[in-house]
Amino acid sequence: MSDTLARYLPEHAVKPVFELIVANQVHLKIVNERQTRHGDYRRALTGKHEITVNASLNQYKFLITLIHEIAHLVAFEKFGRNIKPHGEEWKITFQRLMVPFIRPEIFPHHLLPLLARHFRNPSASSDTDTTLSLALKQFDQQNDKNYVFEIPYGSVFRISNGKIFKKIAVRTKRFECLEISTGKTYLFNPNAEVELLKMN
């Protein structure tokens, strides 16, 4: 298991993560990318704790996602199954598990203050913290995608489910985009990855 983890995690995170997995009897599966989530936790009917994490994540996102899911397991075991999945109990547990990893041997220096700020009050997904999300994305493998915030107004783009939109305005922290087929307006986070379409 340690050898497998070493392919997906920063070097100095491998041993403490392995210890967490053993201590909490986690059955970890590394799976092909799912568009809707980076990872998930469930307790199987057998009582086994199953955690899945997307193989496509960069090493820092993989670490945060895995600790996020272990925090679900630990919070449910400690506080009971009736707690909210991303409520206070989970937040406290996620903070406690994540803080030992927020150090320069594991994360690049420029990420440390962003992580410290995020983990004062962690959200259900690090993707909703735009500053942290964009900083983490620089470690992703290169692709031909653009971010909504960087394309010009009036641009037409496609998202992963094939729907096509036009960027029309900014509203506080998000971008208003018009779905071409329905004429409905949707709000996009600035760090949403989209495929820019060239219109004739």
Report the dimensions of region 81-174 along its three principal axes from the alpha-carbon atoms, largest first, rounded to Å. 44, 37, 25
When the chain is modelled as a GNM with alpha-carbon springs shorter than 10 Å, which of 55, 44, 169 fluctuates the most? 44
What do the square roots of 5 times the Cα gyration tensor eigenvalues come to for region 91-139, in whole Å, largest first, as semi-axes of the equivalent ellipsoid? 16, 15, 8
Mind pulling up the Rg/Rh value for region 1-69? Radius of gyration and Kirkwood radius, both on Cα. 0.94
Checking 130, 172, 65 against a Gaussian network model of the chain (alpha-carbon springs below 10 Å), the top fluctuating residue turns out to be 172
Neighbour net charge for residue 163 - beta-carbon separation under 12 angstrom, K R +1, D E -1: +1
Computed for region 1-149: size of charge dipole around the Cα centre, +1 on C-beta of each Lys and Arg, -1 on C-beta of each Asp and Glu, debye to nearest 20, value 320
Cα axis of helix 59-79 to longest principal axis of the chain: angle in degrees, 0 to 90, nearest 10? 60
At 1.4 Å probe size, with the rest of the protein present, what percent of the exposed accessible area of region 71-200 is carbon and sulfur atoms? 53
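Cα convex hull of region 124-200: how many Å³ per residue? Don't skip to the end; give the middle numbers.
Values: hull volume 8.6 nm³, N = 77.
Spread over its residues, the Cα hull of region 124-200 gives 111 Å³ apiece.
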Provide, in order from the shortest bin, the percent of all Cα-Cα pairs of the chain in each 5 Å bin, continuing until the bin that contains the maximum pair distance. 1, 7, 14, 17, 17, 14, 11, 9, 6, 3, 0, 0
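Where a ≥ b ≥ c are the square roots of the eigenvalues of the C-alpha gyration tensor, would you call region 46-113 rounded, which needs a/c under 1.5, or, failing that, prolate if a/b is larger than b/c, or oblate? The partial results should precede the final answer.
Values: a/c = 2.75, a/b = 1.56, b/c = 1.76.
Oblate, because a/c is 1.5 or more while a/b does not exceed b/c.
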Nearest 10 degrees, 0 to 90: helix 14-23 Cα axis against the chain principal axis: 60
Of 29/137; 29/78; 15/91; 48/78; 61/173, pairs whose Cα-Cα distance is over 21 Å: 29/137; 29/78; 15/91; 61/173
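So what is the accessible area of the chain per residue, in Å², with the probe set to 1.4 Å?
On the way: 11520 Å² over 200 residues.
In whole numbers, the chain has 58 Å² accessible per residue.
The values are calculated or read from the model by the stated rules, or taken from the named source; none is laboratory data. Since we're looking at a predicted model, the values are computed, not measured. So basically every Cβ, Gly included, is an ideal-geometry build from the backbone, and we count neighbours across all protein chains shown. Just so you know, the surface numbers come from the protein's heavy atoms only, side chains and all, with ligands and any DNA or RNA stripped out. Shrake-Rupley method; radii C 1.70, N 1.55, O 1.52, S 1.80 Å.
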